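The values are calculated or read from the model by the stated rules, or taken from the named source; none is laboratory data. For clarity, every value in this text was computed on a predicted model and none was experimentally measured. When we count neighbours, we look across all protein chains shown, and the Cβ atoms used for this are built from the backbone with ideal geometry, even at glycine. For accessibility, only protein heavy atoms count, side chains too; no ligands or nucleic acids. Shrake-Rupley method; radii C 1.70, N 1.55, O 1.52, S 1.80 Å.
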Amino acid sequence: VRIWEIPEGGLKRNMTEALLELHGHSRRVGLVEWHPTTNNILFSAGYDYKVLIWNLDVGEPVKMIDCHTDVILCMSFNTDGSLLTTTCKDKKLRVIEPRSGRVLQEANCKNHRVNRVVFLGNMKRLLTTGVSRWNTRQIALWDQEDLSMPLTEEEIDGLSGLLFPFYDADTHMLYLAGKGDGNIRYYEISTEKPYLSYLMEFRSPAPQKGLGVMPKHGLDVSACEVFRFYKLVTLKGLIEPISMIVPRRSDSYQEDIYPMTPGTEPALTPDEWLGGINRDPVLMSLKEGYKKSSKVVFKAPIREKKSVVVNGIDLLENVPPRTENELLRMFFRQQDEIRRLKEELAQKDIRIRQLQLELKNLRNSPKNC
């Protein structure tokens with residue numbers, strides 16, 4: 001995992017030097033997520049089926065979650081970061097206490113094969129996107145304290161692209177965007193039946209490869225903008241901003257669509273969170289517009305390369321191969337290493353014989369008689 005610092009004024013050249021490199025996964029990293037309320041706590045999930053919790057103040061992993069049996073597909077936190085939910089290639093949905101790594105709830109999703117999951121704010125609900133037994137795309141709503149059965153399921157369509165869910169806790173709006181689609185659907189989420197109410201959709205002829213989201217404090221409040229996507233257009237190689245705007249005639253501040261929202265100040269230090277404290281995000285008002293706070297300079301810790309031990313396990317030790325291809329690659333690498341060592345040994349044997357002859361000649365020379 002690499003940590004980068006964006007310079008003042010944005011990117012003006014290619015960045016080649018990372019601020020900090022984090023070594024701990026034995027296979028490539030697939031997901032990274034910042035803790036929602038704590039400063040400098042980062043979660044990373046790798047293809048070694050592990051989730052590592054990093055404390056960037058020291059630049060090392062401090063906890064490891066090792067309850068998955070296959071590749072982790074998605075991670076999401078509740079509002080205060082006390083719970084983590086994951087979807088996995090083993091067709092299971094899990095709710096985990098991140099500091100202990102204990103699985104609190106687990107669902108076997110055989111009929112609804114989960115791909116992505118998102119916590120729905122403080123509603124104690126989870127929303128997953130996946131595929132039904134008939135290979136149609138669908139969404140499912142779950143009670144986080146009882147994953148035995150989804151509260152509701154809804155078929156979307158028969159397309160094959162992944163559905164990415166985005167939830168806005170301030171307006172209780174859910175946005176669904178499919179990979180390869182050109183549209184974005186919106187739903188309103190409620191705590192009572194029918195839970196999901198379809199509103200409408202944004203349509204575009206250009207398919208999307210992926211989507212990013214602008215934080216709330218970066219929105220244009222004067223234009224009643226409530227959500228902004230950054231759409232990666234597949235064919236054109238460009239990023240297109242898409243604004244979701246609530247049409248209002250009044251020019252005054254719309255408090256009903258802009259309640260107090262999580263700001264940029266962390267609620268906890270890494271030591272406080274690791275010590276067991278949970279705290280809701282520090283809220284801010286968007287009424288006066290976003291004012292940037294004093295910049296906190298992150299200083300990367302100086303570390304020597306050494307073993308990385310978490311939960312009594314050295315993460316940088318060689319791990320056994322999991323597939324036949326990995327086994328073959330490891331075998332051929334070992335054969336090359338054995339061949340190189342044999343050649344090096346043969347050269348050293350020749351050198352030893354040469355030195356022995358030189359020593360014998362020195363002993364038999366007339367000067368030593």
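Taking amide H as placed 1.01 Å from N in the peptide plane, the amide H of S76 sits under 5 Å from that of T85, each at least 5 places away or on another chain.
Among L357, L120, L328, the residue with the largest mean-square fluctuation in a Gaussian network model of the chain, with springs joining Cα atoms closer than 10 Å, is L357. Normalising the average separation of contacting C-alpha pairs (under 8 angstrom, six or more residues apart) by the number of residues puts the relative contact order of the chain at 11 percent. In this calculation the C-beta distance from L345 to V71 is compared with R0 = 30 Å, giving a FRET efficiency of 0.15. The phi torsions of the range 211-217, fed into the Karplus equation with coefficients 6.51, -1.76 and 1.60 and a -60° offset, translate into couplings of 9, x, 10, 7, x, 4, 6 Hz, rounded to whole numbers, with Gly and Pro shown as x.
What is the range 24-127 by shape, rounded, prolate or oblate, if you read a ≥ b ≥ c off the alpha carbon gyration tensor as root eigenvalues and call it rounded for a/c under 1.5, prolate for a/b larger than b/c, and oblate otherwise? Oblate, since a/c reaches 1.5 and b/c is not below a/b.
If I compute volume of the Cα convex hull per residue in Å³ from the structure I just sent, which labelled value in [x] 144; [y] 229; [z] 204 lines up? Answer label, from the structure shown: [y]. Note that the range 64-75 has calculated 3J(HN,Hα) couplings of 9, 9, 10, 10, 9, 10, 7, 5, 7, 9, 7, 9 Hz, one per residue in order, obtained from phi through the Karplus relation 6.51 cos²θ - 1.76 cosθ + 1.60 (θ = phi - 60°); glycine and proline are x.
Could you work out the relative contact order of the range 43-202, using alpha carbon pairs under 8 angstrom and six or more residues apart, expressed as a whole percent? Answer for the range 43-202 is 11 percent. GNM on the chain, alpha-carbon springs under 10 angstrom: the most fluctuating residue among F229, F332, F166 is F332.
Loop-located chymotrypsin sites (Phe, Trp or Tyr not before Pro) in the range 113-150 (DSSP state other than H, G, I, E, B) with a sparse environment of at most 16 neighbouring Cβ atoms within 10 Å: W134.
Angle of helix 324-364 to the longest C-alpha principal axis of the chain, folded into 0 to 90 degrees and rounded to 10: 30°. For the set K89/K231; K179/K236; K63/K91; K89/K209; K89/K110, the pairs lying more than 19 angstrom apart at their alpha carbons are K89/K231; K63/K91; K89/K209. Overall, the accessible surface of the chain at a probe of 1.4 angstrom is composed of carbon and sulfur to the extent of 51 percent. Report summary: the helix-based calculation at 222 nm, which adds -39500 (n - 2.57) for every DSSP H run with n ≥ 4 and divides by the residues of the chain, gives -4500 deg cm²/dmol. In this structure the amide hydrogen of L20, modeled in the peptide plane, comes within under 5 Å of the amide hydrogens of I3, none closer than 5 places in sequence on its chain.
Among E255, E337, E265, which one shows the highest mean-square fluctuation when the chain is modelled as a Gaussian network with alpha-carbon springs under 10 Å? Most flexible of the set in this elastic network: E337.
3J(HN,Hα) along the range 265-281, derived from phi through the Karplus expression 6.51 cos²θ - 1.76 cosθ + 1.60 where θ = phi - 60°, amounts to 7, x, 8, 9, 8, x, 5, 5, 5, 5, x, x, 7, 10, 8, 5, x Hz, with x in place of Gly and Pro. When the charge dipole of the chain is built from unit charges on Cβ atoms (+1 for Lys and Arg, -1 for Asp and Glu) and taken about the Cα centre, the candidate among Y253, G237, F331 whose Cα reaches farthest toward its positive end is F331.
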